[in-house]
Amino acid sequence: MATLYLTHPDALRHLTPPGHPERVERMGAIGRVLDDPRFAGLMRQEAPLAGLDSARLAHSDRHVDAIAAASPAEGIVQLDPDTWMSPGSLDAALRAAGAAERAVQAVLAGEAANAFCGLRPPGHHAEIDKAMGFCLFNQAAIAARRAIRDHGLERVAIVDWDVHHGNGTQDIFWADPSVLYVSTHEHPLYPGTGARSERGEHDTILNLPLPAGTDGAAYREVFEGIVVPRVDAFQPDLIIISAGFDAHRRDPLANLALAAEDFGWMTRALMDVADHRCGGRIVSVLEGGYDLAALGGSVAAHVEMLMQA
Ligand SMILES: [Zn+2]
């Protein structure tokens, strides 16, 4: 079975101001590497457009309606110091959600071994009631909720290796024992949450803050020693990866020191857990990654490993 790759041109219609790191060019960096012949075996599909009801799986009606209402007819509007909307942003966010939902459906139906959703804006900072940190809707959380509510899964694990803490995903699943949320992130760093002591109402949140300068070797120790055993013990029916690539040493927004091959290694480690617990089922969703060359190389390492399922 192949790896499913979902994207859509609407991801180019979400515009941010000049100099903003979360920019349209990120899509080109990913598209170019995945055009290489070594990725010819990918099953490629256009991301469907999710409805607002999909966003309501993870967000309050108030938030979903506010984002829809904030969508500008022209120009760009600022929602918080980092987060903007242009006329195409709502569709871009709903394509990102639609991709994650479609990926869940395809992987659970056995149409694909696993899946990578390469769209923007990212989602893991979007809380139940708030857009922030470049994120409007939380596609990883929407996918987890969809898997549980409509596909009958009992437990979903979300592993978030973006260099920033996924405060939004933590907020959404704080009191939900059906979802394990594990995050590795640089600390202190934006958004400031993600201390070890934040564990959720049911001890289903695991935060692993790492100091600036943490390199691949130290990351692998944390992954092997803590992340993998915890995810395995949760016995998930599906693993969702919040795949940010801003822990790469070249990234301008953070100070960790991973290389592209480290993302391949982490992918393999989670694939081994998935093989053991849930028939290899992994859905990976793009989050951050702001150095274009590092982003392209890291996505290549990640997707190349997924294709070895
Ligand atoms: Zn990030």
HN-Hα J in Hz across segment 79-95 - Karplus 6.51, -1.76, 1.60, θ = phi - 60°, x for Gly and Pro
8, 7, x, 10, 10, 10, 10, 10, x, x, 5, 4, 5, 4, 5, 6, 5
Rounded, prolate or oblate: pick one for the chain, where a ≥ b ≥ c are the square roots of the eigenvalues of its C-alpha gyration tensor, a/c under 1.5 means rounded, and failing that, prolate if a/b is larger than b/c, else oblate.
rounded
GLU221 versus ALA195, label points 7 Å from Cα toward the beta carbon: distance in nm?
2.4
Which cross-chain or sequence-distant (5 or more) residues have an amide H under 5 Å from the amide H of ARG120, H modelled 1.01 Å from N in plane?
none
Quick one: grab the alpha carbon gyration tensor of segment 173-240, order the square roots of its eigenvalues as a ≥ b ≥ c, and give me rounded if a/c is under 1.5, else prolate or oblate depending on whether a/b is larger than b/c.
oblate
Check which residues have an amide H placed less than 5 Å from ILE240's amide H, if you skip close sequence neighbours.
ALA157, ILE158, VAL159, VAL283
Using only alpha carbon positions, build the gyration tensor of segment 43-170, then give the equivalent ellipsoid semi-axes as the square roots of 5 times its eigenvalues, largest first, whole angstrom.
24, 16, 14
Can you compute the helix-only [θ] at 222 nm over the chain? Use -39500 (n - 2.57) per DSSP H run of at least 4 residues, normalise by all residues, nearest 500 deg cm²/dmol.
-11000 deg cm²/dmol
Suppose we flag trypsin sites (Lys or Arg not before Pro) only when DSSP calls them loop and at most 15 other Cβ atoms lie within 10 Å. Which is the longest uninterrupted stretch of the chain?
1-195
Just to check I understand the Karplus step: with θ = phi - 60° and J = 6.51 cos²θ - 1.76 cosθ + 1.60, what whole-Hz values come out for segment 291-308, glycine and proline as x?
9, 4, 5, 5, 4, x, x, 6, 4, 4, 5, 5, 6, 4, 5, 4, 6, 8
Cα pair distances in segment 163-280, grouped into 5 Å bins until the bin that holds the longest one, percent each:
2, 12, 21, 25, 21, 13, 5, 0
For the chain: accessible area per residue (Å², 1.4 Å)
35
With a ≥ b ≥ c from the Cα gyration tensor eigenvalues, square-rooted, and the rule rounded for a/c under 1.5, otherwise prolate when a/b > b/c and oblate otherwise, segment 11-83 is oblate
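The values are calculated or read from the model by the stated rules, or taken from the named source; none is laboratory data. Computed from a predicted model, the values in this text were never measured in an experiment. Note that we place each Cβ from the backbone using ideal geometry, even for glycine, and neighbour counts take in every protein chain shown. Surface areas here come from the heavy atoms of the whole protein model, side chains and all, with no ligands, DNA or RNA. Shrake-Rupley method; radii C 1.70, N 1.55, O 1.52, S 1.80 Å.
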